[in-house]
1. Counting only residues that are touching a Gly at 6+ places or on another chain (Cβ under 8 Å) and under 18 Å from Thr17 (Cβ atoms), which one in region 438-462 is most open to solvent (accessible area, probe 1.4 Å)?
2. Answer with yes or no whether Val285 is within 16 Å of the ligand (Cβ to nearest atom) and assigned by TED's automatic domain parsing to the domain that holds Ser320.
3. Given the condition modelled with pLDDT of 95 or more and assigned to a helix (DSSP H, G or I), answer yes or no: does some residue in region 161-181 qualify?
4. Looking at (1) part of a helix (DSSP H, G or I); (2) aliphatic (A, V, I, L, M); (3) within 16 Å of the ligand (Cβ to nearest atom), find the lone condition where Met498 falls short.
5. Considering only residues that are within 16 Å of the ligand (Cβ to nearest atom) and open to solvent by less than 10 Å² (accessible area, probe 1.4 Å), which ones fall in region 99-113?
6. If I ask for residues that are closer than 12 Å to Phe126 by Cβ and not hydroxyl-bearing (Ser, Thr, Tyr), which ones from region 14-41 would you list?
7. What's the number of the only condition in (1) more than 18 Å from Lys530 (Cα to Cα); (2) exposed (fewer than 13 other Cβ atoms within 10 Å of the Cβ) that Leu435 fails to meet?
8. Need a quick list: strands (runs of 3 or more DSSP E) entirely within region 1-84 having at least 1 residues that are touching a residue at least 60 places away in the same chain (Cβ under 8 Å) and more than 20 Å from Val176 (Cα to Cα).
Amino acid sequence: MIVTKTTRPIADQKPGTSGLRKTTSVFQQPRYLENFVQSIWNGIGGIQGKTLVLGGDGRYFCQEAAQIILKMAAASGARKVIVGESGLLSTPAASHLIRLHGADGGIILSASHNPGGIDGDFGVKFNTANGGPAPESVTDAIFRASETLSEYQTLNTPDLDLGALGTVMLAQTEIVVVDPVADYAALMESLFDFDAIAALIAGGFRLCFDAMHAVTGPYAREILVRRLGAPETALRNATPLPDFGGGHPDPNPVWAHDLMETMMRADAPDFGAASDGDGDRNMIVGRGIYVTPSDSLAVIAANAQLAPGYADGLAGVARSMPSSAALDRVAAARGLECHVTPTGWKFFGNLLDAGRATLCGEESAGTGSDHIREKDGLWAVVMWLNILARRRMSVADVMAAHWREFGRNYYSRHDYENVATDAANGLITDLRARLDKLAGETHGALTVATAEDFSYADPVDGSVTRNQGLQITFAEGARLVLRLSGTGTSGATLRVYMDCFVPGPEGLDRDPQQALADVILACDRLTGMKDRLGRDGPDVVT
Ligand code: G16
């Protein structure tokens, strides 16, 4: 029985870098989730007769949210909702299902790498029919709809059993509960040389995958253990938990420190990897060597043809602006189109759809290709395994050979988390106001060559996105980028990205923080950051 409930607009429902992300307690407020979901329906012109995909990363409140959304979808006349068993779907698997079934879109319940639980974060992302995150034109329409909302529709029915595969009717809507893993695993098998990887593993190659108690555990078990023959002991934290075991499911050296410790030992496995809350991010580590996401992207660009799905080469490549230019060097050497976009996977969508890019990546641990329209953590892991299986080299040797061929972009990101919003905004605003005059100024050992507030003109649809981060290049071949995070839920997070290029053959083996010391100093001189933020140093260095 359809019921119409009266509501009124909630002011803070503007989607950020990746959907609407708030603390769990905000989402649990009466009408909060319902308002946003109805705003999605209204913002996309209704869902009457449409097919949607629904799933989430299993964090606290996912189950309740899935039930609310199913009832709202049925009340608004959706034809079909394809939902992962127990409400689980990784973000890449959801993207794949949208494309596989020709669905009109999908809803993913996740706050990605942010901690979960009653005191953690929750989020709702809407993806469009291409399987990718809604572009800004769509998220703007959803936000506008949220500003005038006066009612929402739902059903007055008991919850569905999402623990059993199969189809049930909810009013006139077909609810199809699917295995969250099977189609995704088949997709991976179609792209990569599973025989070569299985032979590598059978030959004694040891790997360790840390699912961080997030969604990728079941996916890793099916792909790495059942299909590729790794022992069950190769998996860590492979049971999804609503609070991620109290951890921070962000695959980087700080939050995946247990894996890092294992991989830095003399008797470490040959290969280590981790993924985040919803399975779209990845971390790659070799014995004794951490591979930065920007380097990983460049290595994949240089070696992708070793995987059957990419044997014909790449149409083009793309990276987010704050990512290092390591990718650009491979693209230049191989004659590939190379695009530089703002932060946010949604900006790759048009390039992928138009066949202008096959491979995309971001410094924030996201890598992926045109097989879906999201970044894909396990895809990157299996791609690396494919490369290692074909090249028969260690991760450290692959990196050394890559830097010898292309030179090395030393790279680091410093995050200042939960700083006062006014202080962070003030720092960015003041620096932005000085950009025009910075060229020629010397700060420590470095001289500013160019300074800009990054804007992106999408080459496919012509849309222009401004104010996407302050980018300062130095005559000495270094670069500094400052921007405010769009995914935090309390205060502001200031991200400082630094890179410097060393052509080699000398100087390819330095500690990144030391190699970047001049940029770190120049950043403080340029911005007065320590004083303005009242911090001695960053909270997270990756
Ligand atoms: C999200 C987006 C990514 C983006 C990242 C940046 O990642 O999907 O495309 O690079 O945010 O976050 P911030 O604005 O905090 O720098 P995820 O994995 O959280 O969905």
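The values are calculated or read from the model by the stated rules, or taken from the named source; none is laboratory data. Nothing here was measured: the structure is a model prediction, and the numbers come from that model. Every residue, glycine among them, receives a Cβ derived from its backbone with ideal geometry; neighbour counts consider all protein chains shown. Just the protein is used for accessible areas: all its heavy atoms, side chains included, with ligands, DNA and RNA removed. Shrake-Rupley method; radii C 1.70, N 1.55, O 1.52, S 1.80 Å.
1. As a first pass, look at region 438-462 and keep what is touching a Gly at 6+ places or on another chain (Cβ under 8 Å): 447-448, 453-454.
Still in the list and also under 18 Å from Thr17 (Cβ atoms): 453-454.
Working: Asp453: 34, Phe454: 19 Å².
Going through the qualifying residues, I end up with Asp453.
2. Working: within 16 Å of the ligand (Cβ to nearest atom): no; assigned by TED's automatic domain parsing to the domain that holds Ser320: yes.
In short, no.
3. Scanning region 161-181, I find no residue that is modelled with pLDDT of 95 or more and assigned to a helix (DSSP H, G or I), so the answer is no.
4. (1)
5. Taking region 99-113 and keeping what is within 16 Å of the ligand (Cβ to nearest atom), we get 106-113.
Selection gives Gly106, Ile107, Ile108, Leu109, Ser110, Ala111, Ser112.
6. Hits for region 14-41 are Pro15, Gly19, Leu20, Phe36, Val37, Ile40, Trp41.
7. Unmet for Leu435, out of (1) more than 18 Å from Lys530 (Cα to Cα); (2) exposed (fewer than 13 other Cβ atoms within 10 Å of the Cβ): (2).
8. Numbers: elements: 2-6, 20-23, 51-56.
Fully inside region 1-84 and qualifying: 2-6, 20-23.
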